[in-house]
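Inspection log for the structure reproduced underneath, given as structure tokens.
The values are calculated or read from the model by the stated rules, or taken from the named source; none is laboratory data. Please read these numbers as outputs of a predicted model, since none were measured by experiment. Here the Cβ positions follow ideal geometry from the backbone for every residue, glycine too, while neighbour counts run over all protein chains shown.
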Amino acid sequence: MSAAPRIAPADPPYAPQVQARLDALMPPGVPPLVLFRLLARDERLFQRFMGGGLLDPGHLTLRQREVVIFRVTARCRSEYEWGVHAAFFAARAGLEANQLHAIVHGGGDDACWSAEDRLLIRLCDALHACCDIDDALWAELRAAFSAEAVLELLLLAGFYRTVSYLTNALRLPPESFAARFPA
């Protein structure tokens, strides 16, 4: 991967609304992510992207959300986004090193996963393979999750596929603090 993205990120000063959102998103002392700085080139694109992120409290637990994000970004080979989430959310979501390895290199039936984790990984794998969910998997999802949570899972998986398109096609270099895919 190249050292510079295909499109140069914006530099400060940012538009006031963009700066306010960056201040709210980033931990103190951590500069804005390259992805965010790239989108900050266009305030409209930045705001639309931020509006779809689903990192707020919703119908999913932190762990459910992160299992989906990790699996989608791993399947899409978006090491940039996977690594950012590994750095910021893996420990908080209770994901251990063997699970981070399995989410990149393994499958939903690996022994390290709970039944719910397996179901989420199967959802991500089905969407990745054919952009659809068969009736049997749908029934399992609906038995485990509310209709609203299933909608959120679908939106979340689709959003992080879009994020993966951006990070891969723009050739974003890993953030200095980000984890790399496990060997």
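Looking only at residues that are exposed (fewer than 11 other Cβ atoms within 10 Å of the Cβ) and part of a helix (DSSP H, G or I) in region 10-39, which one is modelled with the lowest pLDDT? Before you say what the answer is, go through the steps one by one.
To start, the set of residues in region 10-39 that are exposed (fewer than 11 other Cβ atoms within 10 Å of the Cβ) comprises 11, 13, 16, 24, 27-29.
Still in the list and also part of a helix (DSSP H, G or I): 16, 24.
Working: 16: 96, 24: 91.
Taking the candidates together, the pick is 24.
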Quiz item: Checking residue 139 against (1) more than 13 Å from the chain's Cα centre (by Cα); (2) in a loop (DSSP other than H, G, I, E, B), which single condition isn't satisfied?
Solution: (2)
Self-check item: Total residues in region 79-136, condition more than 30 Å from residue 176 (Cβ to Cβ) and aliphatic (A, V, I, L, M)
Solution: 9
Exercise. State whether the residues of region 154-169 include one that is out of contact with any Pro (no Cβ under 9 Å at 6 or more places or on another chain), over 27 Å from residue 5 (Cβ atoms) and at pLDDT 95 or above.
Key: yes
Exercise. Sort through 150, 163 and tell me the only one that's β-branched (Val, Ile, Thr) and over 14 Å from the mean Cα position of the chain (by Cα).
Key: 150
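For (1) touching a residue at least 60 places away in the same chain (Cβ under 8 Å); (2) in contact with an Asp or Glu (Cβ under 9 Å, 6 or more places away or on another chain); (3) in a loop (DSSP other than H, G, I, E, B), each residue gets a yes or a no:
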{"position": "47", "(1), (2), (3)": "no, no, no"}
{"position": "57", "(1), (2), (3)": "no, no, yes"}
{"position": "69", "(1), (2), (3)": "yes, yes, no"}
{"position": "73", "(1), (2), (3)": "yes, yes, no"}
{"position": "77", "(1), (2), (3)": "yes, no, yes"}
{"position": "80", "(1), (2), (3)": "yes, yes, no"}
{"position": "86", "(1), (2), (3)": "yes, no, no"}
{"position": "93", "(1), (2), (3)": "no, yes, yes"}
{"position": "119", "(1), (2), (3)": "no, yes, no"}
